[in-house]
Structures are given as C-alpha cells and as structure tokens.
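Notes follow the structure.
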Amino acid sequence: MEVIIKADYKQMSAEAAARIADLVYHQPNAVLGLATGSTPLGLYKELIRLHRDDGLDFSKVITFNLDEYVGLPASHEQSYNYFMKDNLFDHINVNPSNIHVPNGMASDIEAYCLWYEDEIEAYGGIDLQILGIGSDGHIAFNEPASSLGSRTRLKTLTKQTIDDNARFFDDPTEVPHYAITMGVGTIMEAKTCILLASGKGKADTVAKAIEGPVTALITASALQLHPDAVFILDEEAASSLELHDYYQWVYENKPE
Ligand code: GLP
C-alpha cells in the first residue's frame with residue numbers, strides 16, 4: 001500500500017489526475033474505473049483541463065462506474081449517470097459507446113449485474129479504479145458487512161449513507177434506499193486502485209481503513225490486501241494516521 005499525503009484538496013486532485021493522464025498517455029485504450037461523490041470533482045476538473053489545454057485524448061478510453069441509485073433514470077439530476085455526464089463525460093472526448101454507468105432502471109437487476117461483470121471482463125478488466133470513501137468506510141456502495149468477495153449486485157444503503165447523501169437532494173426523503181454497486185471482489189480485481197479522501201470528517205475512517213484490521217465493517221480496509229493500492233489524502237484526511245510521518249518519509253525517499 002502506498003499512502004501519499006498532499007497539502008490540500010487541489011494537490012490531492014492533481015496527483016490523481018497526473019496518474020490517470022500518465023496511464024492514458026501510455027495506454028490510450030485504458031479501462032478506467034470511475035467514482036462519484038464530491039471527492040473526485042477536483043480530479044475530474046483537472047482531467048478536463050488536461051484534455052482542453054494539453055490534448056489528453058480519451059477517444060479510446062473505456063470507463064466503468066462503480067455504482068448507481070436504483071430507481072433514478074439517467075436523466076435525473078441526482079443520478080450518478082447524470083453526475084458523470086455533467087462533471088466529466090460532456091467535457092472530454094470519450095466515446096459515448098465506451099461509457100458504462102450502471103442502469104438504475106434495469107428491470108431484471110440480477111441479470112443486469114451479471115452482464116455488468118461480464119462486460120468488465122470482456123474489456124480485459126479495469127486498469128485503474130478511482131475510489132472515494134463513505135463516512136462508514138464503504139467503497140462504492142459496499143456498506144458495512146458487505147462480503148469482501150462480493151460482486152456487482154443490489155445493495156441496501158445504510159441510514160448513515162442515506163443521510164450523508166441527502167445534501168444533494170432538494171427533498172431528503174427522495175434519496176433512494178437501494179443501489180447497484182460493483183462488489184468489493186470486483187474492485188479488488190482492478191490492476192491499480194486509487195482511493196481519494198479529503199477533509200477532517202474522513203480522518204478517523206481513513207485511519208481505520210489503512211491502519212485498522214481488514215474487516216467487512218470497513219470495506220475500504222480490503223485494499224490492504226490489494227497488490228497495488230494507493231491512498232491519496234489531503235493533510236486533514238491524513239490527520240488521524242498513526243504512521244503519518246513515516247508515510248511522508250517513504251514518499252520523500254522513494255527510490256527512482
Ligand atoms: C457515495 C458513493 C461513494 C463515495 C461516497 C463518498 O456513497 N457511492 O463512491 O465514495 O459517496 O462521497 P463524498 O466524496 O461526497 O464524501
């Protein structure tokens with residue numbers, strides 16, 4: 001595991017964007033796993049800038065998103081389909097037929113989830129997966145007690161996640177109670193996982209994920225078992241880490 005601590009949100013976002021840009025530059029048909037939430041917004045802004053100013057080319061890139069609310073059509077402003085179009089896809093030259101965001105309106109959810117898994121496999125798996133972390137330690141919508149071997153499936157959201165995400169909805173009672181989400185097992189098969197976290201509010205959860213036991217109660221802790229997991233944090237999100245100074249030292253003394 002690599003833990004990278006950046007001074008602030010802007011630098012955290014720039015570090016993640018540089019890693020994606022490097023991958024796409026060397027492998028134009030890379031398969032990117034993408035996340036929603038407020039945390040990756042700075043990363044997406046930077047990717048848009050790199051596309052506009054430096055010509056970063058997404059025309060052959062394939063994308064798979066982690067999750068989507070059940071019951072929200074792609075046209076709904078709070079759907080993750082809408083979020084991705086609005087905050088990234090409409091501003092870069094990704095080919096719409098290369099974009100995959102789960103369909104929250106699928107009529108047969110079980111069959112749809114199997115198809116989503118097959119589709120990831122058909123493209124050779126995810127090269128680089130971007131992740132945020134929920135305040136209860138979840139990655140994607142893998143709520144506490146999700147199997148660490150889980151695959152894409154229907155998941156019931158916790159009260160805490162519903163409350164956390166209510167801030168995006170005009171009417172808090174509109175927050176869906178179910179989601180389609182890639183499983184922890186699906187995420188663990190990505191070649192590289194980059195988890196971003198920012199702000200004091202995430203500090204204790206981040207410390208549990210990195211330094212606590214591997215447990216289904218904090219599904220982000222499964223990344224401790226991943227061969228290439230990178231946590232990119234800002235100072236506030238890193239502020240509860242016991243080995244904070246050691247991670248900094250390792251980063252500064254990285255062999256060439
Ligand atoms: C939702 C998403 C997660 C995201 C989390 C944190 O639950 N399903 O993928 O990591 O929110 O969101 P934020 O970045 O807004 O704190």
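Quick one: count up the residues across the range 143-152 that are touching an Asp or Glu at 6+ places or on another chain (Cβ under 9 Å) and within 14 Å of the ligand (Cβ to nearest atom). Steps first, please.
Of all residues in the range 143-152, those touching an Asp or Glu at 6+ places or on another chain (Cβ under 9 Å) come to 143-144, 151-152.
Filter once more, keeping what is within 14 Å of the ligand (Cβ to nearest atom): 143-144, 152.
Residues in the range 143-152 being touching an Asp or Glu at 6+ places or on another chain (Cβ under 9 Å) and within 14 Å of the ligand (Cβ to nearest atom): 3 in total.
Which pairs turn up if I take residues in the range 62-78 that are within 19 Å of Cys193 (Cα to Cα) and without any contact (Cβ under 8 Å) to a residue 12 or more places away in the chain and look for partners that are part of a strand (DSSP E or B) and more than 15 Å from the ligand (Cβ to nearest atom) with beta carbon separation below 9 Å, at least 6 apart in sequence or on another chain?
Listed pairs, sorted by first residue: none to list.
Examine the range 122-133 for a residue that is surrounded by fewer than 23 Cβ atoms within 10 Å (Cβ to Cβ), touching a residue at least 40 places away in the same chain (Cβ under 8 Å), within 10 Å of the ligand (Cβ to nearest atom) and over 13 Å from the mean Cα position of the chain (by Cα), and state whether such a residue exists.
If we filter the range 122-133 for residues that are surrounded by fewer than 23 Cβ atoms within 10 Å (Cβ to Cβ), which is where we start, we get 122-125, 127, 132.
This time we only want the ones that are touching a residue at least 40 places away in the same chain (Cβ under 8 Å), so: 123-125, 127, 132.
Now narrow it down to the ones that are within 10 Å of the ligand (Cβ to nearest atom): 132.
From what is left, the residues that are over 13 Å from the mean Cα position of the chain (by Cα) are none.
Scanning the range 122-133 turns up no residue that is surrounded by fewer than 23 Cβ atoms within 10 Å (Cβ to Cβ), touching a residue at least 40 places away in the same chain (Cβ under 8 Å), within 10 Å of the ligand (Cβ to nearest atom) and over 13 Å from the mean Cα position of the chain (by Cα).
Considering only residues that are in contact with an Asp or Glu (Cβ under 6 Å, 6 or more places away or on another chain) and not small (Gly, Ala, Ser), look in the range 189-243 and name the one that is farthest from Phe64 (Cα to Cα). Don't jump to the end; show me each part of the working.
Within the range 189-243, the first condition is being in contact with an Asp or Glu (Cβ under 6 Å, 6 or more places away or on another chain), and the residues that meet it are 191-192, 198-200, 211, 230, 232, 234, 240, 242.
Filter again for not small (Gly, Ala, Ser), leaving 191-192, 200, 211, 230, 232, 234, 242.
On the way: Lys191: 14, Thr192: 14, Lys200: 29, Glu211: 29, Val230: 19, Ile232: 21, Asp234: 26, Glu242: 34 Å.
Result: Glu242.
For the condition in a helix (DSSP H, G or I), small (Gly, Ala, Ser), more than 16 Å from the ligand (Cβ to nearest atom) and more than 14 Å from Leu32 (Cα to Cα), what is the one hit in Ala111, Ala106?
On the way: Ala106 fails: in a helix (DSSP H, G or I).
Unique residue meeting the criteria: Ala111.
Give the range 223-256 a look and list any residue that's part of a loop (DSSP other than H, G, I, E, B), charged (D, E, K, R) and over 16 Å from Leu131 (Cβ atoms), or say none.
Result: Glu235, Glu236, Glu242, Lys254, Glu256.
Quick one: Met188 ticks every box in (1) under 22 Å from Lys10 (Cβ atoms); (2) under 15 Å from the mean Cα position of the chain (by Cα); (3) more than 9 Å from the ligand (Cβ to nearest atom) except a single one, so which number is it?
(1)
From the set of residues in the range 176-198 that are out of contact with any strand residue (DSSP E or B) (no Cβ under 7 Å at 6 or more places or on another chain) and without any contact (Cβ under 8 Å) to a residue 60 or more places away in the chain, which is surrounded by the fewest Cβ atoms within 10 Å (Cβ to Cβ)?
Ranking the qualifying residues of the range 176-198, first place goes to Gly185.
For residues in the range 214-253 being over 21 Å from the mean Cα position of the chain (by Cα) and acidic (Asp, Glu), which is modelled with the lowest pLDDT?
Restricting to residues being over 21 Å from the mean Cα position of the chain (by Cα) and acidic (Asp, Glu), the top hit is Glu252.
The values are calculated or read from the model by the stated rules, or taken from the named source; none is laboratory data. What you see is a predicted model, and the numbers here were worked out from it, not measured in a lab. No Cβ is skipped: glycine too gets one built from the backbone with ideal geometry, and neighbour counts run over all protein chains shown.
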